[in-house]
Amino acid sequence: QVQVVESGGGLVQPGGSHTLSCAASGGMFSIGAMGWYRQAPGNQRELVARITRTSVINYADSVKGRFTISRDNAKNTVTLQMNSLKPEDTAVYSCYADVAVKRYWGQGTQITVSS
């Protein structure tokens with residue numbers, strides 16, 4: 001059974017930076033895409049960033065130029081570096097990993113951007 005675990009949530013001041021990490025574990029498998037979604041209260045869940053095994057990357061328009069996603073295939077980890085954070089970035093951030101035809105999710109971690 002694949003497990004996905006996020007770490008790094010917290011409170012950040014506007015304009016600050018923060019890093020989220022995510023690790024997939026649980027057996028012998030080849031992970032396809034990994035990425036991050038977020039959901040703020042009252043909003044739909046939105047894709048923040050995704051990265052394929054061959055490092056093809058997509059970002060939401062709202063985070064382009066501010067967020068950077070990267071992954072380590074050997075460790076099955078993905079990292080989201082967030083810079084120039086805004087109050088509107090406040091949300092629960094959830095990591096996912098695609099294994100074969102199934103998507104596995106982490107439990108979600110809260111990022112709050114506030115002074």
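The values are calculated or read from the model by the stated rules, or taken from the named source; none is laboratory data. Note that this is a predicted model, so its numbers are computed, not measured. Quick reminder, even Gly has a Cβ in these numbers, built from the backbone with ideal geometry, and neighbours come from all protein chains shown. Heads up: the accessible areas ignore ligands, DNA and RNA and are worked out on the full protein's heavy atoms, side chains in. Shrake-Rupley method; radii C 1.70, N 1.55, O 1.52, S 1.80 Å.
Couple of notes before you dig in:
- Accessible area, probe 1.4 Å, largest first, for residues T112, T54: T54, T112
- Within the chain, percent of DSSP bridges classed antiparallel, to nearest 5: 95 percent
- Lysines with Cα under 18 Å of K86, excluding same-chain neighbours fewer than 8 positions away: K64
- Net charge over other residues, Cβ less than 10 angstrom from the Cβ of S94 (K, R count +1; D, E count -1): +1
- The chain - accessible surface per residue (Å², probe 1.4 Å): 53 Å²
- Per atom type, the chain shows carbon and sulfur on 48% of its accessible surface, probed at 1.4 Å.
- Basic side chains Lys and Arg get +1 at the Cβ, acidic Asp and Glu get -1 at the Cβ, and with that the dipole of the chain about its Cα centre reaches some 200 debye.
- Neighbourhood charge, 12 Å Cβ-Cβ cut-off, centred on N83 and excluding it, Lys, Arg +1 and Asp, Glu -1: +2
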